[in-house]
Amino acid sequence: MEIFDFIDLDFGAGIKTADSFLGKVIFIDPFGNIVTNISSDNVDLKSGDILEIENIRVPFLNSYGFCNEGEPLALIGSHGYLEIAVNQGNAARFFDKKIGDEIIAGLFLSKYFIPLIHDMRKKGNDIMSIEKGDFIRVSYTGKNR
């Protein structure tokens, strides 16, 4: 039997914005790994960069062996798309995702965020409190002030 009619599956294309990757879950494998429609062509991350998914910091790594059991990670799978996994765990359950769900992976790159080494509090204002160990975003405008 020959097949003459092929169906081109359109999963849509994930996109990269200035500070995040936006896509959808297109497949969940039997281990619970989440395959997204975010192509490796759009992912310009290095191993060790950090994403934020569902308010959880997730390292982008080259393989599962670079994180401990039960820890989440993101990587480019053999299919060429961004994959979200939990080492020896189930990412679909961990992140409560199913096929068709939206994925937002915010960039939490170390070059934009630095850990504080001193406690800081805005003078005379208790509304904003930043404590040692918190992360702050550092922006460079290119202008001296």
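Computed values, structure above
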read-out	value
Estimated distance in nm for a label pair at ILE7 and ILE56, the labels positioned 7 Å out from Cα along Cα-to-Cβ	3.2 nm
Under 5 Å, built H, 5+ apart or other chain: amide partners of PHE21	ALA105, GLY106, LEU107
Amide proton proximity set for ASP29, modelled H, under 5 Å, gap of 5+	VAL35
Nonlocal amide H pairs with ILE38, under 5 Å, H built at 1.01 Å	GLY14, LYS24, LEU82
In sequence order, calculated HN-Hα J values of segment 55-60 (Karplus, 6.51, -1.76, 1.60; Hz; x Gly/Pro)	6, 10, 6, 10, x, 8
Most to least packed among 78-89, 36-47 [average Cβ atoms within 10 Å]	78-89, 36-47
Derived scalar couplings ³J(HN,Hα) [segment 88-102; Karplus, 6.51 cos²θ - 1.76 cosθ + 1.60; whole Hz; x for Gly, Pro]	6, x, 10, 5, 4, 6, 4, 9, 6, 10, 9, 4, x, 5, 6
Pair-distance profile P(r), taking every C-alpha pair of segment 15-107, with 5 angstrom steps and integer %	3, 16, 29, 31, 18, 4, 0
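Each reported figure results from applying straightforward, stated rules to the coordinates on display, with no laboratory input. None of the values given here were measured: they were computed from a predicted structure. All Cβ positions, even for glycine, are placed from backbone atoms using ideal geometry, and neighbour counts span all protein chains on display.
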